Amino acid sequence: MGIQRRFTQTAAARAVIAAIPLAALFYLQAQSKPDFNKDIRPIFETSCYSCHGEKVQSGGLRLDQQASALAHLVGIYPRVAGTGPQQRMPLGAAPLTPAQIGLIKAWVDSGAAWADTATSAVPKKKHWAFVPPVRPAPPTVKNVKWGRNPIDRFVLAKLEAEQVAPSGEAPKATLLRRLSLDLTGLPPSPEEVASFVKDTSPKAWEKQVERLLASPHYGEKWARQWLDGARYADSDGYEKDKPRFVWAYRDYVINAFNKNLPYNQFVSEQLAGDLMPNATQDQKVATGFLRNSMVNEEGGIDPEQFRMEAMYDRMDAVGKNILGVTIQCAQCHNHKYDPLQQEEYYRIFAFLNNSHEGAMAVYTPAEQMKIADILRRTKEIETNLQHRNPTWRDRMAAWGDAAMKVAQPEWTVVKPEVDDISTGGQKYILQEDGSLLAQGYAPTKHTVKLTVKTPLKQVASVRLELLNDPNLPLSGPGRSIRGTGALSEFTLDAAPLGDPTAKAQKIKVASATADINLPESPLDATYADKSNKKRTMGPIQFAIDGVDETAWGHDAGPGQRNVPRKAVFNLAETISNESGSVITFYVKQNAGGWNSDDNQNQNLGRFRISLSSDPKATADPLPMAVREALAVARDKRSPQQEQALFSYYRKTVPEWKDDNSTVEELWKGYPEGSSQLVLNERPSVRETHQLTRGDFLQPGKLVTGGVPSFLNPLPADGPVNRLAFAKWLVSRDAPTTARSYVNRIWLAYFGVGIVETAEDLGTQSSPPSHPELLDWLAVEFMDKGWDVKAIHRLIVNSSTYRQNSVASEELQAKDPYNRLLARGPRFRVDGEIVRDIALAASGLLDEKVGGPSVNPPAPAFLFVPPTSYGPKVWNEAKGSERYRRALYTFRFRSVPYPMLQVFDSPNGEAACVRRSRSNTPLQALTTLNEPMFLETARALAQKTLNEAGAEDTQRLRFMFRRVLSREPSGAEADELLSLVKREQQNFSTAGRDPWKFAANDPEHPPTLAKNVTPAQAAAWTVVSRVLLNLDEAITKE
Amino acid sequence: MTTKLEPVNPIKLSRRWFFEQCGVGLGSAALHSLFAESGYAAQVDPLAPKAPHFAPKAKNVIFLFMAGAPSHLEIFDNKPMLKKFDGTLPPPELLKGYRSAFINPNSKLLGPKFEFKKYGQSGAELTNLVPHLSTIVDDIAIVKGMVTDAFNHAPGQVLMNTGAMQFGRPSMGAWVTYGLGSESRDLPAFVVMSSGKKGPSGGTSCWGSGFLPTVYQGVEFRSAGDPVLYLSNPAGVDSQIQRESLDSIRKMNEIHLGATGDPEIATRINSFEMAFRMQTSAPELMDIAKESKETLELYGAEPGKPSFANNCLLARRLVQRGVRFVQLYHEAWDQHSALVKDITQNCRDTDRAAAALIQDLKRTGLLDSTLVVWGGEFGRTPMVQGGEDGRDHHPNAFTMWMAGGGIKPGITLGESDDLGFNVVKDKVHVHDLHATMLHLLGFEHTRLTYKFQGRPFRLTDVHGQLVPKLLA
């Protein structure tokens, strides 16, 4: 707006406007009697009806009805002009423009004529974006020579209407750089440019398009845009901001683009992959999209409050990222502008509200093969055993009968009361089965105090069961990143119930048994606590030895660790009280590391305490699943149960020792894998309420899953669940989904979407620059099976895309933001690509795709207090990991990577579908002085000196091709050749060590080609640094 | 508008652009519309000074953020009844619907740990934890009726800074910079510094730009080493080589500006020039050794030794150089235990410098146009946490103080109940604080808006009432 005004207003006009109050000026212009329908109603419609219209009548005023409006007539002008004592209208929005205010005054002064149409309710036309797109016919154009596909017809028709001619095609080298940056986020190599420039075949361009669409870097480039909207980050956010494991989701997105997964499938997997039939690992990992919400594990939080915050965040992400409709407003009240009711918001909410939030183990394809191999070979050995022992079935039956005959002690489950002070900030949430689920902040050392009041007269033994839970890492039963925990000490005291004067007596534990007793082993380095004490894990005796540094552990290794476990403690003396007892347990969990802001806890995740009067009770050696299978009559057992039984039974047979140890060995090779935050549907439905003013403490009426009435209906078939919602989002009659995504693709190519407000296509969105083109693309997208690469192909093959980006002065003046598309796009690339360009140009880029995020160099102080809240681990990558694409840089939400932050990369605190694009001095300081940019400058200089030839002109051309994909002009060559000469002299000054600047490590400078001096290396590093800092270097043009 | 396109003459364009729009852009007082959409190209200098809605009292803000939440009951809010009922349980009706972070709300009351006395002509009550503040009470307004919605640190800090508990909204510094632009040619408009034991719980989101353009986000300065990341020339590069490199970058960019006609290149040229100026101005700014011995002593600042005192002195230097919004964080006031010892230490670390800042701004004539705000994200419970020496988080009542920039000096506003639990008079919600701060800066808080996601957003969201009693 500002810029247009500057171009169009003359100095004289400015002076006039400055001298006369604006409203008065426009009033002078608008003296003639305004027409209600033409002049006034549109103002009311856009600025007033949301509060004074058909739905809402704030202050009793209805501006869509004559009677009401005329009754309030005297107030209207002062309120909108802001001249009275009351708050200016419209509230909370920009004031009306002086022209509009002038019109209203003129209308009031002229008698406030009201056209009849307004009194009878005129059916309002549905907002364009809420009507499913139909394919418009491409318009006819006068210039039939220009243009290659329908996109161009739409663009040209508008240009012809505006009487502007399109620009010619950009030079080939420029075009290939543009295309490479757009499709892969990397510049073309000099060889690729040369071969394209040489290629005169009619399909030369298309060949390049196909080559780049097939590149694995295509997925990386387009994943980044999606990850912005998916608010991807590698840490939890909030105060603790612990690292989290979500890179498997990031890789899923990259692979999905590379495989050209249809967009409808891509979206549904991210919303409900876990609910798909025979869901694959990828489909489950995809639900990480919903889990990218921040997690608050600050001490003293209410986990439900922040689960709700995460829910709002998911709703926001679905709205902005997929629907392209702002739904967030309806969290607290009916949407002011769009027809979304608050109830409808909570009906969508209900679809997402029924999930467990856990983390699953994930394996690379190679690891998955390894696991399949272990399972296959285990099965082979077992089948073989059965073949060799034809009577195995009877023998197993006899063993089972015997096992079932062993009487089990009678256990009474208790529901303890948790002492809030003792939890160290962790929340222990009582479950229906009497167990406690640990959530929220995870202190690395604490002793929780649990009190039970039991009517039991005799308590001689205590059982502690460690249980799985879908909300724990890898289903638990512990809270460590592997889902394991450790029990340092288990102690108790007791007093008679109902006697407040009785002092609790300490009760000694005489002995303990458990269903797993591992040999003593030192704690993993992850859990180092800086104490220098020897700290170990081992058998259950470690929990009653009075030594805090030893703990009972249950980590049976990968593939076998995430199962329920139990221990039984026999008391030295039976607690015997006629009236029952108050027993307090002290569950010490001290096996964590020094930093509770990192993933260093080994807390119990979910556990349950039971009491027995049997002083000799022992821990049942049979796993829960085996006991359950045995309880089923033999002929009723499923083959899986039979198999599970045999797998356990064979281990009890002494003469099968060799086979058993072969299997055991096999399982030692089970891959560790990684983990990924995912969603799992809860079996029982969690109730969803409409929340008054969006406050989770004020639940209103109960709602069920449903969709807004102004959009497409829910598919009629199948259960109404998250999967149905996912299908609804991408159904063929969804009005906004396809439009929203093609618009975002367009935004990435041209710097601005066809609808500028890419996050919102609703009634308050900016009008589309080419509405028919948007609809055509959306329909084409859906009709071609939501084929993302097909849309890319259409865009980059168009003449519109291939225009020169040089702007004439007139064009710059008429269309500063290139909304008409009479020229090619020219703008600074995204932050990640700024870095990738430097890495690629220097030859340092490590092109590896996927894997855990990496830690390139960053100032160490950022990660320690007082800059960061807690100490964070940032082990600077050595070797080629330093030079991975910026997409793989580890993202701490509370400490964004400085280079990326300064170039406008979002930090993942909320969904972002449209980045800012700033141009600041801090960016200049970064590209000039940041260590990585210096490393790239040095590497490029050395590469040049080693490979380009001995002449300075050869060297300069080599550098130009690598950084800018073109040859230098005469003026440019003059400038830089004289610079290199001067700098060579500078660095040759006696006593000066050029390696101080030209080498990453001046003590160990790199080897140079023959006849090349360190001063030359330094001087050429100055030149490469200049080139890498040019506007053109970080710009797509 | 002409429809016939002339052959490209970008050189002409670039010269005009460069000299008219870019070269003098920062100094000119062009009146930009506050309601302009975010530019997808930064062609208009987004930091150019802008006029607010009406004549402002304050031009700059210094916000002393006492992160971790100081106890109002130990410093400002004298509660004899709390002392009297020390060790007893709070009245049950007080706790209805009350949620606390760590403690069972039904914990015993804990009497104040320090003795209160009246100071100054205004007779403001303070404890001896803040002997320096007590000498300037007549220059400040003590606001005892603060309330907030959050009782956990990160959400509380983010609410205090952005007006919302959810992350992703612009911070007040970003709003103010968006509204007023920058007066400084060679320093960022919004500067953040930290001292104390750790960084704020809310992380960089406390000074983020949210959905506003990223140019408005706060820039972190350090009080030791390079004040701004990557400010120094690389090893082995002297100022001559740096200048020659920058000259080359500029010439090359100008050549390309001539060839393409994209004014964005002119902006880039300006960015590099400002970067170069910052390389000189920022170290000069940070060099407090140039201050008089008397001034250093006033603050308790020691050159080269990072501290809250140094940061306060730097805040004055920043404001002097036209920096719009300065925020100093000092963690941590989170006294769940060891209340007496730790709050004494916190006050020892901050009291003298905070008071010195007011005195120094006053004597340099800057206080009238600089709004100073002191406070944390919430208060502390009248109930004890642990044995007898700690308090939990408390959102229902806490105290802040403000000074300068149009604030009425020498007053105490608001009152909490006898236990310091709820506000009973002149309640000031965080949104009201924001509305008042914006008012002092010349903004009607309902009209400083930015359209995002189809609706106009503002710092106070749909809340906020100006607090006229605080105005001079």
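With the condition kept exactly as written, say whether any residue in segment A:442-462 is crowded, with 18+ Cβ neighbours inside 10 Å, more than 38 Å from the chain's Cα centre (by Cα) and among the basic types (K, R).
Within segment A:442-462 (the criterion being crowded, with 18+ Cβ neighbours inside 10 Å, more than 38 Å from the chain's Cα centre (by Cα) and among the basic types (K, R)), the answer is no, since none of the residues qualifies.
In contact with a helix residue (DSSP H, G or I) (Cβ under 9 Å, 6 or more places away or on another chain), assigned to a loop (DSSP other than H, G, I, E, B), over 30 Å from B:P456 (Cα atoms) and hydrophobic (A, V, I, L, M, F, W, C) - does that describe any residue in segment B:175-195?
No - not one qualifying residue is present in segment B:175-195.
Among the residues of segment A:532-585 satisfying the criterion of being without any contact (Cβ under 8 Å) to a residue 40 or more places away in the chain and assigned to a strand (DSSP E or B), which is farthest from A:T513 (Cα to Cα)?
The extreme case among them is A:T536.
Go through segment A:279-321 and count every residue that is within 14 Å of chain B (Cβ to nearest Cβ) and either in contact with a helix residue (DSSP H, G or I) (Cβ under 8 Å, 6 or more places away or on another chain) or over 27 Å from A:F257 (Cα atoms) (or both).
The number of residues fulfilling the criteria is 28.
If you take just the helices (runs of 4 or more DSSP H) that sit entirely in segment A:314-417, which of them hold at least 2 residues that are crowded, with 19+ Cβ neighbours inside 10 Å, in contact (Cβ under 8 Å) with a residue 60 or more places away in the chain and not assigned by TED's automatic domain parsing to the domain that holds A:Q640?
It comes to A:342-352.
What residue, of A:S918, A:S880, A:S868, is of a type in the set (S, T, Y), farther than 27 Å from B:E273 by Cβ and at the interface with another protein chain (Cβ under 8 Å from one of its Cβ atoms)?
A:S868
Among the residues of segment A:928-982, write down those that are without any contact (Cβ under 8 Å) to a residue 40 or more places away in the chain, polar (S, T, N, Q) and in contact with a Pro (Cβ under 8 Å, 6 or more places away or on another chain).
Result: A:N929, single match.
If I filter segment B:243-264 for residues that are more than 30 Å from A:V806 (Cβ to Cβ), of a type outside the set (S, T, N, Q) and outside any helix (DSSP H, G or I), do I get at least one hit?
no
Here's the yes/no breakdown for (1) in contact with a Leu (Cβ under 9 Å, 6 or more places away or on another chain); (2) of a type in the set (V, I, T); (3) assigned by TED's automatic domain parsing to the domain that holds B:I358:
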site: B:L212; (1), (2), (3): no, no, yes
site: B:G218; (1), (2), (3): no, no, yes
site: B:Q242; (1), (2), (3): yes, no, no
site: B:S245; (1), (2), (3): yes, no, no
site: B:E254; (1), (2), (3): no, no, no
site: B:I265; (1), (2), (3): yes, yes, no
site: B:A275; (1), (2), (3): yes, no, no
site: B:E297; (1), (2), (3): no, no, no
site: B:G322; (1), (2), (3): yes, no, yes
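What strands (runs of 3 or more DSSP E) completely inside segment A:607-726 contain at least 3 residues that are under 28 Å from A:V285 (Cβ atoms)?
On the way: elements: A:674-681, A:688-691, A:699-703.
Hits in segment A:607-726: A:674-681.
Does B:D226 count as charged (D, E, K, R), more than 7 Å from chain A (Cβ to nearest Cβ) and part of a loop (DSSP other than H, G, I, E, B)?
Against the criterion (charged (D, E, K, R), more than 7 Å from chain A (Cβ to nearest Cβ) and part of a loop (DSSP other than H, G, I, E, B)), B:D226 qualifies.
With (1) away from chain A (no Cβ under 14 Å); (2) within 24 Å of the chain's Cα centre (by Cα); (3) buried (at least 16 other Cβ atoms within 10 Å of the Cβ) as the list, and B:T364 as the residue in question, which single condition is left unmet?
Condition not satisfied by B:T364: (3).
If you take the residues in segment B:326-354 that are among the small types (G, A, S) and assigned to a helix (DSSP H, G or I), which one is farthest from B:M286 (Cα to Cα)?
B:A354
What helices (runs of 4 or more DSSP H), lying completely within segment A:165-281, carry at least 1 residues that are under 23 Å from A:K727 (Cβ atoms)?
A:216-229, A:247-258, A:263-272
Please report, ordered by residue number, the helices (runs of 4 or more DSSP H) entirely within segment A:740-827 with at least 1 residues that are within 13 Å of chain B (Cβ to nearest Cβ) and either buried (at least 20 other Cβ atoms within 10 Å of the Cβ) or in contact with a helix residue (DSSP H, G or I) (Cβ under 6 Å, 6 or more places away or on another chain) (or both).
By residue number, A:809-814.
Residues of segment A:79-106 being more than 12 Å from chain B (Cβ to nearest Cβ), over 18 Å from A:Y49 (Cα atoms) and part of a helix (DSSP H, G or I), which ones?
Within segment A:79-106, A:A99, A:G102, A:K105, A:A106 meet the criteria.
All but one of (1) within 23 Å of the chain's Cα centre (by Cα); (2) assigned to a loop (DSSP other than H, G, I, E, B) hold for A:N919; which doesn't?
(1)
Only one residue in B:T148, B:T177, B:T162 is under 20 Å from the mean Cα position of the chain (by Cα), of a type in the set (V, I, T) and within 11 Å of chain A (Cβ to nearest Cβ), so which one is that?
So the residue among B:T148, B:T177, B:T162 that is under 20 Å from the mean Cα position of the chain (by Cα), of a type in the set (V, I, T) and within 11 Å of chain A (Cβ to nearest Cβ) is B:T162.
Among the residues that make up segment A:144-152, is at least one of them over 39 Å from the mean Cα position of the chain (by Cα), surrounded by fewer than 17 Cβ atoms within 10 Å (Cβ to Cβ), more than 30 Å from A:M959 (Cβ to Cβ) and at pLDDT 95 or above?
No, segment A:144-152 contains no residue that is over 39 Å from the mean Cα position of the chain (by Cα), surrounded by fewer than 17 Cβ atoms within 10 Å (Cβ to Cβ), more than 30 Å from A:M959 (Cβ to Cβ) and at pLDDT 95 or above.
I'd like to check something: does segment B:248-259 contain any residue that is at the interface with chain A (Cβ under 7 Å from one of its Cβ atoms) and hydroxyl-bearing (S, T, Y)?
Checking segment B:248-259: at least one residue is at the interface with chain A (Cβ under 7 Å from one of its Cβ atoms) and hydroxyl-bearing (S, T, Y).
Is at least one residue of segment B:457-471 outside any loop (DSSP other than H, G, I, E, B), touching a strand residue (DSSP E or B) at 6+ places or on another chain (Cβ under 7 Å), closer than 30 Å to B:D392 by Cα and touching a residue at least 24 places away in the same chain (Cβ under 8 Å)?
yes
From the list A:V873, A:V913, A:V895, which one is in contact with a Phe, Trp or Tyr (Cβ under 9 Å, 6 or more places away or on another chain), more than 7 Å from chain B (Cβ to nearest Cβ) and among the β-branched types (V, I, T)?
That would be A:V873, the only listed residue that is in contact with a Phe, Trp or Tyr (Cβ under 9 Å, 6 or more places away or on another chain), more than 7 Å from chain B (Cβ to nearest Cβ) and among the β-branched types (V, I, T).
Do you know which residues across segment B:373-406 are part of a strand (DSSP E or B), more than 14 Å from chain A (Cβ to nearest Cβ) and closer than 24 Å to B:L470 by Cα?
Of everything in segment B:373-406, those that are part of a strand (DSSP E or B), more than 14 Å from chain A (Cβ to nearest Cβ) and closer than 24 Å to B:L470 by Cα turn out to be B:V373, B:W374, B:G375, B:G379, B:F398, B:T399, B:M400, B:W401, B:M402, B:A403.
Applying the selection to segment A:673-720, what residues are of a type in the set (S, T, N, Q) and in contact with a strand residue (DSSP E or B) (Cβ under 7 Å, 6 or more places away or on another chain)?
Listed by number, the residues that qualify are A:S674, A:S675, A:Q676, A:N680, A:T688, A:Q690, A:T692, A:Q698.
Identify all residues within segment A:54-69 that are among the small types (G, A, S) and either within 21 Å of B:K451 (Cα to Cα) or surrounded by fewer than 18 Cβ atoms within 10 Å (Cβ to Cβ) (or both); write none if there are none.
Scanning segment A:54-69 gives A:S58, A:G59, A:G60, A:A67, A:S68.
Confirm whether B:I103 is surrounded by 19 or more Cβ atoms within 10 Å (Cβ to Cβ), away from chain A (no Cβ under 14 Å) and out of contact with any Leu (no Cβ under 7 Å at 6 or more places or on another chain). Step through it out loud before you land on a result.
Working: surrounded by 19 or more Cβ atoms within 10 Å (Cβ to Cβ): yes; away from chain A (no Cβ under 14 Å): no; out of contact with any Leu (no Cβ under 7 Å at 6 or more places or on another chain): yes.
Judged against the criteria, B:I103 is not a match.
The values are calculated or read from the model by the stated rules, or taken from the named source; none is laboratory data. Since the model is a prediction, treat every value here as computed from it, not as a measurement. Glycine also receives a Cβ, built like all others from the backbone with ideal geometry; neighbour counts cover every protein chain displayed.
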